[in-house]
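Working notes for the structure below.
Every number here is computed from the coordinates shown, using simple stated rules; none is lab data. Note that the coordinates shown come from a computational prediction; the quantities given were computed from them, not determined experimentally. With ideal geometry, Cβ positions are generated from the backbone for all residues, glycine too; neighbour counts draw on all protein chains shown.
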């Protein structure tokens with residue numbers, strides 16, 4: 001059972017198996033399936049050093065719901081917009097980060113980083129270091145990808161319709177660098193009812209220092 005200490009929300013953890021031989025197409029279709037618990041064995045998180053940041057007060061914002069989502073359909077204008085050439089992105093990112101953030105790829109379910117991360121902190125964009133999600137809104141969906149019911153701030157992500165793979169979905173992107181993050185679905189937990197299904201390799205987790 002994963003319990004949010006501050007909010008009191010609790011979610012059952014379904015065991016899952018690591019199946020890294022899934023194709024990108026099958027993986028993308030799985031991401032659109034409703035969240036449900038699995039009965040397999042969950043992979044153990046890797047012992048990697050996690051960067052730390054000072055604990056901060058989180059921004060206050062209105063709870064977002066599916067009805068109020070309203071995808072922008074185009075990249076928002078920002079003074080701090082990050083625009084790089086394709087070659088510059090390849091130099092900056094790992095091959096897997098590039099495939100996801102710039103080529104709109106999807107990592108295999110249960111195989112990406114940050115899925116088993118349970119520390120308190122903030123998830124930043126791996127491409128431009130913009131705050132995207134916070135640990136307080138992360139929950140175990142059983143789908144195989146890190147899932148959140150709210151973004152760090154609504155203006156830090158933008159959304160557009162995605163009709164690829166014969167489906168109609170809502171794509172989630174970073175508003176600073178336009179990196180592909182994942183998709184959002186209306187089958188998440190209360191209080192928002194949203195499931196931001198995000199590729200773990202698109203995120204950089206930074207833990208709050210004690």
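Here 89, 158, 145, 66 are placed in order of increasing Cβ neighbour count within 10 Å, fewest first, which gives 66, 89, 158, 145. The fewest-to-most ranking of 177, 197 by surrounding Cβ atoms within 10 Å reads 177, 197. With contacts taken as Cα pairs under 8 Å at a separation of at least 6 residues, the stretch 78-196 carries a relative contact order of 22 percent. Put the Cα centre of the stretch 137-177 next to the Cα centre of the stretch 65-81 and the gap is 12 Å.
Decide, for the stretch 89-210, between rounded, prolate and oblate: order the square roots of the alpha carbon gyration tensor eigenvalues as a ≥ b ≥ c, take rounded if a/c falls under 1.5, and otherwise choose prolate if a/b is larger than b/c, else oblate.
Rounded.
Cβ crowding within 10 Å ranks 183, 104 as 104, 183, fewest other Cβ atoms first.
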